[in-house]
Every structure is written in structure tokens, then in C-alpha cells.
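Colleague: Handing you a structure now.
The values are calculated or read from the model by the stated rules, or taken from the named source; none is laboratory data. Here the structure is a predicted model, which is why all the values come from computation and not from measurement. As a convention, Cβ positions derive from the backbone with ideal geometry for all residues, glycine included, and neighbour counts pool all protein chains shown. Side chains are part of the model used for accessible areas, which takes the heavy atoms of the whole protein and leaves out ligands, DNA and RNA. Shrake-Rupley method; radii C 1.70, N 1.55, O 1.52, S 1.80 Å.
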Amino acid sequence: MKHSAIISDELLSAYIDHEIDEAELRRVETALAAEPALQHRLETLQTTVALMKGAPALVVPRALTLSESQVLAAGERVKGVTHPTFWERWLPRLMPVATAVVAVMFVFSLVFSLQTTPINTSKLAIREQPAEKPTLAGIEPTEAPAVMASDAQNEAAEVQMLTVEQPAAAESAQPRSVVSEDAMPVAREKASPRTAIAETSVPEAAPAAKPAPAEPTSREISSMPVSWITWLLGLLLILTIFLTWQITFVRPRRR
Amino acid sequence: MDESQLIAAAQNGDLPAFNQLVLKYQSLAYNVAYRILGDPDLAADAAQDAFIKAYKALGSFHGGAFKPWMLRIVTNTCYDYLRASKRKPTNSLDDELEKGDHNPRFHDPGEGPESYLERKELNQAIQWAIGQLSDDHRTVITLVDIQGLSYEEAAEVLNISLGTVKSRISRGRAKLRDILQEHQELLPERYRFPHRERVASIRP
């Protein structure tokens, strides 16, 4: 068998670089001595390696030393140079975003306020007392609290869903209770056994309930928080616009 | 200051200390980048990018040899450049020759113009030939044959096994030999390959 077939280029490369062990070294040298073709292969490889090793070294065309500005641009620190803090770096980018968010919230708040206010000022949520509603006179005292509590809860749900408009003239015609839009707390209060009994004993017991004008109207309850939020957002918007202007235009000019 | 002191100072943000290291390794970094990328201007950019990356990564350097660590960053940056630009090193010898005055400058050991021209011719032939290799083979040939790193150092730089280095270097050399033998006329006269007859004639 020819040696050139069993001596690979990999082994010859390692032989050129003296990267083979003793056994392989003896094997390669024996083969080289016996076969001129293998010797030629080795010689051409050696010439190739010599060419590469003789490749001219190039002169660096410009100094590759780093300047402070290059390092700072890469976000790195340099000893003796003041570096922008986290907020100094990010605030100019965050402020316009914050301003935009506040502006959107302000507009939404304003639109919501304008839409809800006229409805609440002209309408009162009034619930008719059902005429055929049975009194609890005939019910056993032990059963009454539970039954009446559930009844009161149902009423509370109805209050929200079935509020009706009532002409002002009709207010004095029938005994009724005036319920605001936010009737839930009132309804929950009614759910307690004592007040439930008092409430369900109407129409006779109705005069005992407080008259409607003493309680805040729906306009007072619902529009006040919206107005406050709108005002607050408006002020916040002015503040963010001012800060954005300061950070974006005024401070860079000072530097 | 010795190298370890310069590294320690640079790790504390001392830029002049780091620039001392840059001056020491810039020639190596540039030459490696040039052989891998095949373009002198791109090589300078890649080498500088590599130094910026090295400065940023100094915190992760925990001792050991700085040269292979630095060369790893250089070769990785070159691979990034190759990937980003989808650029192959010069494939055409005509392109290489057309560069004319844009060819890189060589270290001048006080040689005459004839010798300089010969080196220029040799450089063009070598650069064209290694440009025909795959990126991996070209990088190993550059590190081991041109820059003279040992197999172990090359394995450390490229983060590959010793066996892979041996395999790549032998395949790279075999391919280079075939290319250069086929285009011997590109080489200066005294660098050409020996003829087989001559080898046969000197056989004992």
C-alpha cells in the first residue's frame, strides 16, 4: 500500500508545525523516505506555509487609539470625565412621551365630563314605589329579616337599571322615595333588617324617611370627581409641556 | 507600566492606559482584520470597533493572556462585518489590481523599489488566494500561518477545539496550495512552487 494514501494532509500539516507525537513522526518520516510523491506533497505544503509566513505586514493607516467622545458615544465611562446620569440621559426622551400621555388623558377626561354633565343636571333618578307591593304585616318576625334583605338587594339592582324620568308636577301626587344614581349605598343600608322593615311598611311609614332635597343630587355626586380630575390633568399637562420645553430647548442651549 | 497594570488602570476607566494597549496591539489587530476582510479601510474600521468593544468588555476580563482575548474580539468583529455587508473578500484578481493607490502600505525595511514591487505583487497574490477560502479556513490560516499563533492559541481565540484547528488548517493549506499552484504566474519568480521533476531528481 502506498504511503501517500495513508498519510493525510492533516498529518503533513501537523508534521510541518511539529504538532505530532513521536509515533506519528516516525511514521511520516518513514513514508517520506520511501515515496517521492509524498515528499512532493510535503514540499508544496511547506512552500504554501512559507508563502503565508512571508506575507508582508501592513502599516496601520491611522491611529486606532480611542477618543473620549468615541468611548462616551459607546455608553462607557472615562475617568475624569463627568458622565450624564441615568435621568439626564433618559429624561429628554421620556418627557415628550409623558406629555403626550397626559394630553390624551386630559382630552378623554374633558370629553367624558362634557358628555356626562348635561344629563345629570337635568335628570333625577326616581323610582316609583310599586303600588301592589305587599306589606310585611302578615309575615312572621323570624322570617322577615332574611326575606326583606334579599328583597332590598333586588330593589337596589332595579334602582340602577330602571330609573325613570318623572315630571316635576307629578312629584307631589304619589308617595315615593327619591333615589340618586349612586343608590347602591342606600340600598345596602336598606338591606339591614331594621331599615328594611321601616322602608317596606310604606306607604304608612313613608313620612319617616328623609325628604329628597336633603341628599346630594346626582349632578353633585358624579360630576365633581370628573371635574377635579380634568382640572388636575390640565395642570399636569401644562407642567409636562413646560418641563419638556425646558429639557429639550433651554438646557441644551445653556450647555 | 506593564501590561497587567495597564489593564487594571483601563478597567478603572483610565482611557490613556487603554490606549497604550491599543498602540501595542493595533498592528496585529489591523493585519488580522485585513486578511479576513480583504479591504484596508474596512479593516481599520473593524479593528477600531474591536478596540471599542474591548474597552466596554474590560470588566469581563479576569486576567489571563490579553492577546488571545483581544484577538477573539477582533475576529468576532470581522465576522460581524462579513455578515452585515454580505461581503466576500476580494474574489477577483482584477479587483485587487484595480485598487492601485488604495493598496495598503507595507512596513518599509529600507528596501529598494524593485523589492517593494515584488512584495506588493506577493501580497496581492496571497490576499487573492486566501480570499478564495471559506471564512473559517481563512481565519485559521491568518492566525496560525500569517500571524504565527500556535494551535492552542488559535483554538483559544476562535473558541474551538484543537482538533478543529488542525482540521481547518490542513484543509485550508491544501486548498491554498492548489489555488496557488494553479495560478503560479501571479507569484513573484522566486516564490513559485518547486517542480515535481526537480523533487524526483534530488531523490536519493
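Colleague: Would it be correct to say that A:LEU66 is in contact with a Leu (Cβ under 9 Å, 6 or more places away or on another chain), modelled with pLDDT of 75 or more, surrounded by 12 or more Cβ atoms within 10 Å (Cβ to Cβ) and within 14 Å of another protein chain (Cβ to nearest Cβ)?
Modeller: yes
Colleague: Can I ask one more? Kindly indicate which of B:ILE126, B:ILE141 is facing another protein chain (nearest Cβ under 7 Å) and at pLDDT 95 or above.
Modeller: After ruling out the rest, the residue left standing is B:ILE141.
Colleague: Next question. Show the residue pairs that are 6+ apart or on different chains and have beta-carbon atoms under 7 Å apart, the first residue being within region A:39-53 and closer than 10 Å to A:SER13 by Cα and at the interface with another protein chain (Cβ under 7 Å from one of its Cβ atoms), the second being assigned to a helix (DSSP H, G or I) and modelled with pLDDT of 90 or more.
Modeller: If the second residue must be assigned to a helix (DSSP H, G or I) and modelled with pLDDT of 90 or more, the pairs left are A:LEU45/A:LEU12; A:LEU45/A:SER13; A:LEU45/A:ILE16; A:LEU45/B:ARG173; A:LEU45/B:ARG177; A:VAL49/A:ILE16; A:VAL49/B:ASP145; A:VAL49/B:ARG173.
Colleague: Within region A:3-17, can you find the residues that are within 11 Å of chain B (Cβ to nearest Cβ) and either assigned to a helix (DSSP H, G or I) or modelled with pLDDT under 90 (or both)?
Modeller: Taking region A:3-17 and keeping what is within 11 Å of chain B (Cβ to nearest Cβ), we get A:8-17.
Once the filter is applied, which keeps residues that are within 11 Å of chain B (Cβ to nearest Cβ) and either assigned to a helix (DSSP H, G or I) or modelled with pLDDT under 90 (or both), region A:3-17 yields A:SER8, A:ASP9, A:GLU10, A:LEU11, A:LEU12, A:SER13, A:ALA14, A:TYR15, A:ILE16.
Colleague: Of all residues in region A:8-38, how many are open to solvent by 50 Å² or more (accessible area, probe 1.4 Å) and in contact (Cβ under 8 Å) with a residue 24 or more places away in the chain?
Modeller: Residues meeting the conditions: 2.
Colleague: For B:ASP2, state whether it is more than 10 Å from chain A (Cβ to nearest Cβ) and within 30 Å of B:ILE126 (Cβ to Cβ). So that I can check it myself, show each step before the final result.
Modeller: Details: more than 10 Å from chain A (Cβ to nearest Cβ): yes; within 30 Å of B:ILE126 (Cβ to Cβ): no.
The answer is no for B:ASP2.
Colleague: Follow-up. Counting only residues that are aromatic (Phe, Trp, Tyr) and farther than 17 Å from B:VAL157 by Cβ, how many does region B:1-50 have? Reasoning before the result, please.
Modeller: First, the residues of region B:1-50 that are aromatic (Phe, Trp, Tyr): B:18, B:25, B:30, B:34.
If we keep only those that are farther than 17 Å from B:VAL157 by Cβ too, we end up with B:18.
Counting residues in region B:1-50 that are aromatic (Phe, Trp, Tyr) and farther than 17 Å from B:VAL157 by Cβ gives 1.
Colleague: Restricting to region B:30-57, name every residue that is more than 7 Å from every other protein chain (Cβ to nearest Cβ), aliphatic (A, V, I, L, M) and crowded, with 18+ Cβ neighbours inside 10 Å.
Modeller: B:VAL32, B:ALA33, B:ILE36, B:LEU37, B:LEU42, B:ALA43, B:ALA46, B:ALA50, B:ALA54, listed by residue number.
Colleague: Answer yes if at least one residue in region B:31-50 is closer than 22 Å to B:MET1 by Cα and modelled with pLDDT of 95 or more, and no otherwise. Walk me through it before giving the result.
Modeller: Filtering region B:31-50 down to residues closer than 22 Å to B:MET1 by Cα leaves none.
No, region B:31-50 contains no residue that is closer than 22 Å to B:MET1 by Cα and modelled with pLDDT of 95 or more.
Colleague: Look through B:ALA57, B:ALA9, B:ALA33 and report the one residue that is hydrophobic (A, V, I, L, M, F, W, C) and under 13 Å from the mean Cα position of the chain (by Cα).
Modeller: B:ALA33
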